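Following: one structure in structure tokens, then a few remarks.
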Amino acid sequence: MHRKTIPLIGAMLAALAAIGLAALVAWSQLSGGGSGARSGAPGKGEAVVAPGIDMGGPFELTDHTGRTVTEADFEGRFMLVYFGYSSCPDVCPTELSSMAAALDIVAETNAAAAKKVTPVFVTIDPARDTPEVLRDYAPAFHPRLIGLTGSPEAIDQAAKEYRVYYGKGQTIDDGFYLMNHSGYVYFMGPDGNFVTMFHGGTDPQVIAGAILRYIDGTPTS
Ligand code: NI
């Protein structure tokens with residue numbers, strides 16, 4: 001009796017493995033299928049995105065040096081993207097520091113990999129975050145951090161593409177106001193496709209580990 005159950009279990013396991021593989025393939029195809037698309041369940045710190053949901057897209061914004069930039073300027077490079085605002089008292093500075101720390105960890109482990117990643121900060125407060133403001137703000141976190149701003153319409157479009165929620169928040173004193181906004185960190189592939197996104201507050205070590213893993217598994221142009 002024992003001898004008959006073992007082959008049966010073996011066949012069932014093989015069938016389950018085949019189903020599992022098919023599910024993984026379907027997931028990776030649905031989640032973009034580009035070279036940077038992930039091929040399995042998200043790792044620690046990574047947010048689950050329903051298959052078929054598109055993240056990112058074309059944009060035309062102004063960087064902190066006053067130059068007009070589009071998604072084409074980032075072609076061939078990974079992007080680590082965060083949407084926030086420079087007047088943010090705590091969350092944004094913490095998140096941008098984490099991004100910078102993660103990039104430094106990547107650089108210590110694999111300098112070539114770190115060079116492939118461009119950190120980007122997109123303001124959701126274009127009324128206050130002019131290129132001049134971002135010129136001081138962005139590089140203070142990381143020398144390679146690019147600050148992006150634009151017209152309210154252009155910011156709105158970029159935020160929509162990344163499914164970023166934002167809106168004017170509480171007014172404190174003398175007209176100083178806060179902004180409400182979602183706080184994911186997006187990791188985009190060299191083809192502009194979404195790779196993964198991290199929950200706000202994710203440990204820089206975790207972000208760095210994921211970046212290294214994804215870059216390792218992605219052929220870059
Ligand atoms: Ni903030």
Worksheet item: Residue separation times 0.36 nm, minus the C-alpha to C-alpha distance between Asp191 and Asp104: what's the value?
Response: 29.0 nm
Practice prompt. For Arg67 and Lys44, compute 0.36 nm times the residue count separating them, minus their Cα-Cα distance, and round to one decimal in nm.
Written response: 4.7 nm
Item to complete: First select every other residue whose beta carbon is under 12 angstrom from the beta carbon of Thr202; then total the charges, Lys and Arg +1, Asp and Glu -1.
Response: -2
Worksheet item: Mind ordering 116-125, 147-156, 67-76 by average Cβ neighbours within 10 Å, highest first?
Response: 116-125, 147-156, 67-76
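Where a number appears in this text, it was derived from the coordinates with a stated rule and is not lab data. Keep in mind the model is a prediction, meaning the values are calculated, not measured. Cβ atoms come from the backbone with ideal geometry, glycine included; neighbour counts cover every protein chain shown.
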